[in-house]
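This report concerns only the one structure given below.
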Amino acid sequence: MGIVRKQSIDNMLVTYLGFGIGAVNVLFLYTNFMSDTYYGLIQVMLSAALILMPLMAFGVPNTLVKFYSSFQDQNQKEGFLTLMLLFPLLLIIPIGLLSYFANEAIGTFLARENPEVKGYVWYIFWIGFAMAYFEVFYAWTRVHLKSVFGNFMKEVFCRVGQTVLLVLLYFDSIDVSFFLKALVVLYLARTLIMKGYAYHLHRPRLKVVRTLPNWKIFSYSLIIILGGSTAIILLEIDKVMLNHYVQIENVAYYSVAGFMASAVGVPGRAMHQITYPLTAKLLNEKDFFALKRLYQKSALTLFVISGLLFVLLLSNLNDLYLLLPDTYGGAWFIVFWIGMAKVSDAVLGNNNAILYNSDYYRAVLFMGMGLALLTIVFNLWLIPEYGIKGAAIASFMAFLLYNTIKLLFVWRTYGMLPFTVNMGKVLAVLFFLLLLFQYVRPNLPPLVNIAIKTVLMGGFYFGVVYRLNVSEDISAVIGSIFRRIKKE
């Protein structure tokens, strides 16, 4: 677990750096420097591009991680990498042609409620294309257990670029039209930089190897498209569908609340960068004892951190909304339900990695497709009735169902559950912490209130967690911090 702990910590620091920059952008710069309408437009563009991304990537990121460690011959590895570079073109080219010849029809469909969206079909295509190949090159680095730089590019690069663009927009150095074009360029530049780093780690020698199990690789990639699409639909379809039913500025309000709740899922994003290839390796080696240990330890570690973040978010929410323009207020309901969905993800640990790298991925992916369709049905039912609140409830219901099915499938297939007695201890501490600090509201400026409550709650929580020794990894990190403090 040493490499998991080290790179997970590094990735968590990088991810939270990116999240912090994103928080400045979302909570202060976008909300004050750009109109609600254009910010809503950007959210629709990025969400639509993310939905396209799994199709354009053709399942290659997951396929690369699953199969790379199974090849022992270097020629086979080179042939496999060549396939991985070419596979995405199988869908990128048709999608590009469709975007070109049906641009007007697609634009009209997207702009049914909000005409502002109509002229940005090509923007969506190019951002989706850039995201797809970025994930391919990022997976390339992860199979070499080098995930930190890629995580930096994923979490930090485009956010810093947006910060610069927003400042230029505020000083009238650029207009919104230039901003949107520059946003596309940012995503393309990120992909090119990631390609350079991937080639630095291992420059491919383009090679065709006939002995590769091409049909097995192709079929896995094809099915993984469905799995990736399922995950993205669960995450992003709400914003795209809101665009069809409510004024586009409401997408901005929903996105800000969703961004706050997404803080709960950041530790999982950081840890999964390294646990995914390790899970694939353990499954290839059929080391199920180590796999169960990784499953339970990852779930416990994520619950310890994500649970605290959720409690901190709920306790500080009133002060957070005092920092935003009045139009963004009153979304406590959305933050709560999306936050709960993120917590349900955290308690499953590396469950996704087990399923996508197992021999049973087909069944799970088809179940995921069914739930993706159910998510769309939930949104069709709840958004017209309850607006942005309905979208939040639909997201929670979909995640709860999806995660329950994945949990039961791993249990029935491998006899493993992520839950331990220590998880119950953490849950009890979290409830006590929430009750203890829920009504602690110093009569100070919002940022000062947030800082004071966060320090007090975090110190109390980690002190109890360390004392109870519920997590080896968390206790090891806290212990190392104490030792450094004593040395100094």
Exercise for the section: Residue by residue through region 111-128, note down the ones that are closer than 22 Å to A57 by Cβ and open to solvent by 50 Å² or more (accessible area, probe 1.4 Å). Expected result: W122, W126
Practice task
Return yes when T327 is under 20 Å from S255 (Cα atoms), modelled with pLDDT under 90, hydroxyl-bearing (S, T, Y) and surrounded by fewer than 22 Cβ atoms within 10 Å (Cβ to Cβ) and no when it is not.
Solution key: yes
Exercise for the section: Please enumerate the residues belonging to region 379-418 that are part of a helix (DSSP H, G or I), open to solvent by 30 Å² or more (accessible area, probe 1.4 Å) and not hydrophobic (A, V, I, L, M, F, W, C). Expected result: P384, E385, Y386, K389, T404, R412, T413, Y414
Exercise for the section: Output yes when any residue across region 173-193 is of a type in the set (S, T, Y), open to solvent by less than 30 Å² (accessible area, probe 1.4 Å) and part of a helix (DSSP H, G or I), and no when none is. Expected result: yes
Completion exercise
Residue pairs qualifying under the 6 Å Cβ cut-off, at least six apart or on distinct chains, with the first in region 84-110 being over 24 Å from F137 (Cα atoms) and open to solvent by less than 30 Å² (accessible area, probe 1.4 Å) and the second being of a type in the set (D, E, K, R) and part of a helix (DSSP H, G or I), are G107/K118
Fill in the blank from the handout: Listed by first then second residue, the pairs whose first member lies in region 231-244 and is closer than 19 Å to T37 by Cα, whose partner is of a type in the set (D, E, K, R) and open to solvent by 20 Å² or more (accessible area, probe 1.4 Å), with beta carbons under 6 Å and at least 6 positions apart or on separate chains, are H244/R112; H244/E113
Handout entry: From the options L456, L430, residue that is open to solvent by less than 20 Å² (accessible area, probe 1.4 Å), modelled with pLDDT of 90 or more and either over 30 Å from M367 (Cα atoms) or touching a Ser or Thr at 6+ places or on another chain (Cβ under 9 Å) (or both)
Key = L430
Problem - R467 being exposed (fewer than 14 other Cβ atoms within 10 Å of the Cβ) and at pLDDT below 80 - result: no
Exercise for the section: With the condition kept exactly as written, say whether any residue in region 405-412 is in contact with a helix residue (DSSP H, G or I) (Cβ under 9 Å, 6 or more places away or on another chain) and more than 25 Å from D287 (Cβ to Cβ). Expected result: yes
Fill in the blank from the handout: Of the candidates F482, F437, the one satisfying the condition of being open to solvent by less than 40 Å² (accessible area, probe 1.4 Å) and either over 23 Å from M340 (Cβ atoms) or touching a helix residue (DSSP H, G or I) at 6+ places or on another chain (Cβ under 6 Å) (or both) is F437
Problem - Residue in region 195-229 that is surrounded by the most Cβ atoms within 10 Å (Cβ to Cβ), counting only those that are among the β-branched types (V, I, T) and either assigned to a loop (DSSP other than H, G, I, E, B) or at pLDDT below 70 (or both) - result: V209
Fill in the blank from the handout: Within region 149-172, residues being of a type in the set (A, V, I, L, M, F, W, C) and either in a loop (DSSP other than H, G, I, E, B) or surrounded by fewer than 17 Cβ atoms within 10 Å (Cβ to Cβ) (or both) number 5
Fill in the blank from the handout: Filtering region 411-422 down to residues that are over 25 Å from A363 (Cβ atoms) and either within 23 Å of the chain's Cα centre (by Cα) or without any contact (Cβ under 8 Å) to a residue 12 or more places away in the chain (or both) yields V421
Problem - Residues of region 369-410 satisfying the condition of being without any contact (Cβ under 8 Å) to a residue 24 or more places away in the chain and among the aromatic types (F, W, Y) - result: F378, W381, Y386
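The values are calculated or read from the model by the stated rules, or taken from the named source; none is laboratory data. Note that the structure is predicted; figures quoted are calculated from it, not measured. Cβ coordinates were reconstructed from backbone atoms using ideal geometry, including for glycine residues, and neighbour counts include every protein chain displayed. In case anyone asks, the SASA skips ligands and DNA or RNA and just uses the protein heavy atoms, side chains included. Shrake-Rupley method; radii C 1.70, N 1.55, O 1.52, S 1.80 Å.
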